[in-house]
Amino acid sequence: MQKFLAEFEEYCITPGIESGKARSYAKAIEYLCDYLNITVIDANAISCFRSIENNVKDKNSAFYNDLLFFLAGRGQKSYLSKGWIRAGLNHLFDFVQQR
């Protein structure tokens with residue numbers, strides 16, 4: 001999974017701009033994988049991500065609140081509340097489509 005996340009992070013880098021966005025997208029996906037107990041990002045994982053995509057956006061969903069609680073316990077709730085996971089998923093879907 002780390003190799004995949006490194007390639008994904010590289011994909012997210014905006015040429016000529018030094019920022020932490022690419023790293024944040026990769027970390028967001030890593031934290032989501034931790035929550036979902038996903039150890040390999042493959043077609044099944046992508047399918048799982050697509051199935052929960054709307055729940056990640058819905059602050060009223062049980063999934064969102066459970067994930068927020070999980071991340072808060074690890075000091076990482078901003079990855080969900082500030083939209084890094086949602087943005088990371090959007091970039092991940094583009095990345096997988098181009099592979």
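For the range 44-53, the candidate set comprises residues that are surrounded by 11 or more Cβ atoms within 10 Å (Cβ to Cβ) and not basic (Lys, Arg); within that set, the residue that is nearest to TRP84 (Cα to Cα) is GLU53.
In this structure, is ILE41 under 12 Å from the mean Cα position of the chain (by Cα) and surrounded by fewer than 18 Cβ atoms within 10 Å (Cβ to Cβ)? No: the conditions fail for ILE41.
Within the range 54-87, the set of residues being in a loop (DSSP other than H, G, I, E, B), in contact (Cβ under 8 Å) with a residue 24 or more places away in the chain and surrounded by fewer than 14 Cβ atoms within 10 Å (Cβ to Cβ) comprises just one member, ARG74.
Taken over the range 88-99, the criterion of being among the aromatic types (Phe, Trp, Tyr) and in contact (Cβ under 8 Å) with a residue 60 or more places away in the chain is satisfied by PHE95 alone. Scanning the range 49-66 for residues that are within 12 Å of the chain's Cα centre (by Cα) and of a type in the set (A, V, I, L, M, F, W, C) yields PHE49, ILE52, VAL56.
Return yes when ILE29 is in contact with a helix residue (DSSP H, G or I) (Cβ under 8 Å, 6 or more places away or on another chain), under 18 Å from HIS91 (Cα atoms) and not in a loop (DSSP other than H, G, I, E, B) and no when it is not. Answer is yes for this residue. Kindly indicate whether TYR35 is aromatic (Phe, Trp, Tyr) and over 22 Å from GLN2 (Cβ atoms). No; evaluated as a whole, the condition is false for this residue. Selection of the range 8-20 for residues being touching a residue at least 12 places away in the same chain (Cβ under 8 Å) and either under 24 Å from TYR64 (Cα atoms) or not hydrophobic (A, V, I, L, M, F, W, C) (or both) yields PHE8, GLU9, GLU10, TYR11.
Rule-based calculations on the coordinates, nothing more; no lab input. Just so we're clear, the structure is a prediction, and the values are computed from it rather than from any experiment. Every residue, glycine among them, receives a Cβ derived from its backbone with ideal geometry; neighbour counts consider all protein chains shown.
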